[in-house]
1. Output the residues belonging to the range 122-174 that are in contact (Cβ under 8 Å) with a residue 24 or more places away in the chain, in a loop (DSSP other than H, G, I, E, B) and of a type in the set (D, E, K, R).
2. Please work out which residue is nearest to the chain's Cα centre (by Cα), limiting yourself to the range 12-32 and to residues that are loosely packed, with under 13 Cβ neighbours inside 10 Å and among the small types (Gly, Ala, Ser).
3. Could you check, for the range 76-83, whether at least one of its residues is closer than 30 Å to Cys140 by Cα and either modelled with pLDDT of 90 or more or in the same structural domain as Asp101 (by TED's automatic domain parsing) (or both)?
4. What residue, of Tyr22, Tyr9, is among the hydroxyl-bearing types (Ser, Thr, Tyr), assigned to a loop (DSSP other than H, G, I, E, B), touching a residue at least 60 places away in the same chain (Cβ under 8 Å) and in the same structural domain as Glu102 (by TED's automatic domain parsing)?
5. Filtering the range 35-80 down to residues that are among the polar types (S, T, N, Q) and part of a strand (DSSP E or B), which residue is nearest to Asp25 (Cα to Cα)?
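The values are calculated or read from the model by the stated rules, or taken from the named source; none is laboratory data. All of these numbers come straight from a predicted model, not from anything done at the bench. Note: ideal-geometry Cβ built from the backbone for every residue, glycine included; neighbour counts use all protein chains shown.
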Amino acid sequence: MLVNLTDYYKNREKSGCVRLEYSKDVFDDGITSYPVTDNGGFDLNISLVSKSEVRINGQGSIKIKMPCDRCLKDVDVEIPVNIDYAIIEPGEDVEDDPDTDEFVDGYELDTDKLIHYELIMGLPMKVLCKDDCKGLCPVCGRDRNTYDCGCDTFVPDPRMAAIQDIFNANNKEV
């Protein structure tokens, strides 16, 4: 959705609230696409702060389905979106803000790009289905949360290989 900011720059008393939803069914972070399960709702407040500066702020959240980092089950992840930007009127003798260049073109504010930008910044580093997720077995690939496969997952420490060779050389049977 495009919001024209011209009226906000020209009219001192004008301020408003725009009701938004993320209009896409799939969120693409540039690497992977995730289905959006709840588009959320945002109340975006737009107001003139100074002669040539408009303040945009609001908050909300969006839910997307992401895989658990350990067991790969789909998890509904709620990503909070906090919007707070000051946008300088185009044509002013002020250096452009590289953050707002992503979603502001002249007097047009692209709210979908704005929310997408904030979602990228709010993505969690690690997604877990539960705090004590056991993950997948590295040997057979079964989900260790539901079934204990009994596979031997012992991996010897490679730093101890030299000592192991000494033990093996001295343990010869006569």
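1. So the first thing to find is which residues in the range 122-174 are in contact (Cβ under 8 Å) with a residue 24 or more places away in the chain, and the list is 122-124, 126-129, 133-136, 143-145.
Subsequent filtering for residues that are in a loop (DSSP other than H, G, I, E, B) retains 123-124, 126-129, 133-135, 144-145.
Across the range 122-174, the qualifying residues are Lys126, Lys134, Arg144.
2. Among those that are loosely packed, with under 13 Cβ neighbours inside 10 Å and among the small types (Gly, Ala, Ser), it is Gly30.
3. Going through the range 76-83, the residues closer than 30 Å to Cys140 by Cα turn out to be 76-77.
From what's left, either modelled with pLDDT of 90 or more or in the same structural domain as Asp101 (by TED's automatic domain parsing) (or both): 76-77.
Checked against the condition, which is being closer than 30 Å to Cys140 by Cα and either modelled with pLDDT of 90 or more or in the same structural domain as Asp101 (by TED's automatic domain parsing) (or both), the range 76-83 yields at least one hit.
4. Numbers: Tyr9 fails: assigned to a loop (DSSP other than H, G, I, E, B).
Going through Tyr22, Tyr9 in turn, just one is among the hydroxyl-bearing types (Ser, Thr, Tyr), assigned to a loop (DSSP other than H, G, I, E, B), touching a residue at least 60 places away in the same chain (Cβ under 8 Å) and in the same structural domain as Glu102 (by TED's automatic domain parsing): Tyr22.
5. Initially, the range 35-80 is screened for residues among the polar types (S, T, N, Q), giving 37, 39, 45, 47, 50, 52, 57, 59, 61.
Filter again for part of a strand (DSSP E or B), leaving 37, 45, 47, 50, 57, 59, 61.
Details: Thr37: 8, Asn45: 24, Ser47: 30, Ser50: 37, Asn57: 24, Gln59: 20, Ser61: 15 Å.
That would be Thr37.
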